[in-house]
Amino acid sequence: MKINISPKSHIRGSITVPGDKSISHRAVMLSSIADGITYIDGFLMGADCLSTIACFKELGVSIDVSGDRVCVQGVGMHGLKPPTHPLDVGNSGTTIRLLSGILAAQHFSTTLTGDASILSRPMMRVVEPLRQMGAEINSPDGGIHAPLIIHGKPLHGINYAMPVASAQVKSAILLAGLYADSPTTITEPYPSRDHTELMLKAMDVRILADELDFESPRSTTIWPAQALHCAHINVPGDISSAAFIITAAMLCPESHITIQDVGINPTRTGILDAYKDMGADITISNRRLWNMEEVADISVATSRLHGITISGGIIPRLIDEIPILAVAASLAEGTTVIKDAQELRVKESDRIAAISHMLRNFGAEVDTTDDSIIIKGKSRLKGCHTNPKGDHRIAMAAAIAALLADGNTSIEGAECVEVSFPGFFELLNSLGY
Ligand code: S3P
């Protein structure tokens, strides 16, 4: 699907964004292995989370969807059934990696596969620690890439120092740790998102993490569990989706927008910190807790931005927002340097390459290295034709750049936004003119 976008002169409104993708995945996974029925409200009906639902249905869990409410009839920790054919995770890295942790401990074998992007993403980062726990995981290339063939085994606890800060890897190990015969401790070089930990805690699992210090390693210990208990999960709006609208409002003249009920877990709010450092007019109000997750309303007004340098512990806290941060940087005064971002090379696409390709189409000045992006801000972008090659966040970043550019823009294959933000283009159309 090709979408044509023309510039907007301002953006105003009070909106909500779809549910958090990371929390939606975890809600289905954990309530599937919990005891009894769980109602999940605000679930993200995006393609990735629907893949998670489809996989758990194949594993024998009864899951009903009505509107944005999902009802899961938990089968307990040992009630999953062997699927009759390989499970397809689609485009979802979170599904394949977290599910590997659960399947490693089951009494049956499963094959996990996905689309072309998934088949090219690194899997050894989960295979290696799960093998250390006793799991048997193979693939045609020895576990480097999917499809993964997982033979469930009795697992034991490990002490594992993760080479990269990754919530998907950490969560896979924690989920396997639920089933192990002794506690498991994981240390990350910097804290990554901790939604799995918070949800497990809310389900009465014994789990303990170091105090949050963004610039230090963080260790988390999980003890083997007998059962998970849950009844209701309210999923906050996804800050990663909100970031696109926040950026549009910051950069469009005479704009003001409020986004209600957004998750502001501190392991996810690097984008707000970075934007405030760039000079953004952002206000957080109405803070509260939903199932241990912090939620708030975010208001943003047109802002004059300047370039910044970011590196180290903030990177995992805004890793998914770098495509849209790069758009903001391309219109900020001065230079923005994003360092230590080598993980972007192994996302849904090589995002260092994809960001620079997309922004150069809009006439921005971008340089890259193996692990960094350097953007010299300009006062104007120019409309263009661009192809995000199936990467949802690159497509949405391009759409926001298009709102701010001179002239019209066309985006090829724009339907990929459905992966994380169903209704994205309709929402953009409804905001200002
Ligand atoms: C996610 C973790 C991050 C993030 C991804 C979702 C999660 O990936 O980029 O979009 O839900 O755990 P990594 O764990 O690979 O950093």
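Within 16 Å of the ligand (Cβ to nearest atom) and not assigned by TED's automatic domain parsing to the domain that holds C416, is that true of I33?
Against the criterion (within 16 Å of the ligand (Cβ to nearest atom) and not assigned by TED's automatic domain parsing to the domain that holds C416), I33 does not qualify.
For every residue, the table says whether it meets (1) in the same structural domain as S31 (by TED's automatic domain parsing); (2) among the β-branched types (V, I, T); (3) within 16 Å of the ligand (Cβ to nearest atom).
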residue: R131; (1), (2), (3): yes, no, no
residue: I137; (1), (2), (3): yes, yes, no
residue: P140; (1), (2), (3): yes, no, no
residue: H145; (1), (2), (3): yes, no, yes
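Kindly indicate the residue of segment 221-243 that is assigned to a strand (DSSP E or B) and farther than 30 Å from V419 by Cα and also most open to solvent (accessible area, probe 1.4 Å) among those meeting that condition.
This residue is T221.
Just a yes or no: is a residue in segment 90-97 on the phi > 0 side of the Ramachandran plot, touching a residue at least 12 places away in the same chain (Cβ under 8 Å) and in contact with a helix residue (DSSP H, G or I) (Cβ under 8 Å, 6 or more places away or on another chain)?
yes
Can you tell me how many residues within segment 244-258 are assigned to a helix (DSSP H, G or I), more than 16 Å from the ligand (Cβ to nearest atom) and in contact with a helix residue (DSSP H, G or I) (Cβ under 8 Å, 6 or more places away or on another chain)?
6
Within segment 188-203, take every residue that is part of a loop (DSSP other than H, G, I, E, B) and of a type outside the set (G, A, S) and give me the one that is farthest from the ligand (Cβ to nearest atom).
Ranking the candidates gives M203 first.
Using the structure shown, decide if R193 is charged (D, E, K, R), surrounded by 16 or more Cβ atoms within 10 Å (Cβ to Cβ) and out of contact with any strand residue (DSSP E or B) (no Cβ under 6 Å at 6 or more places or on another chain).
Here the answer is yes, as R193 does meet what is asked.
Which is open to solvent by less than 50 Å² (accessible area, probe 1.4 Å) and of a type in the set (A, V, I, L, M), of V65, V28?
Sole residue among the options that is open to solvent by less than 50 Å² (accessible area, probe 1.4 Å) and of a type in the set (A, V, I, L, M): V28.
Give the number of residues within segment 72-125 that are of a type in the set (K, R), open to solvent by 40 Å² or more (accessible area, probe 1.4 Å) and closer than 25 Å to M162 by Cβ.
1
For (1) surrounded by fewer than 16 Cβ atoms within 10 Å (Cβ to Cβ); (2) modelled with pLDDT under 95, each residue gets a yes or a no:
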residue: D261; (1), (2): no, no
residue: R288; (1), (2): yes, no
residue: N291; (1), (2): no, yes
residue: D297; (1), (2): no, no
residue: R304; (1), (2): yes, no
residue: I315; (1), (2): no, no
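One residue is enough: does segment 160-168 have a residue meeting the conditions open to solvent by less than 40 Å² (accessible area, probe 1.4 Å), among the aromatic types (F, W, Y) and touching a residue at least 40 places away in the same chain (Cβ under 8 Å)?
no
The values are calculated or read from the model by the stated rules, or taken from the named source; none is laboratory data. Since we're looking at a predicted model, the values are computed, not measured. Backbone-built Cβ (ideal geometry, glycine too); neighbour counts: all protein chains shown. Ligands, DNA and RNA are excluded from the accessible area calculation, which covers all protein heavy atoms including side chains. Shrake-Rupley method; radii C 1.70, N 1.55, O 1.52, S 1.80 Å.
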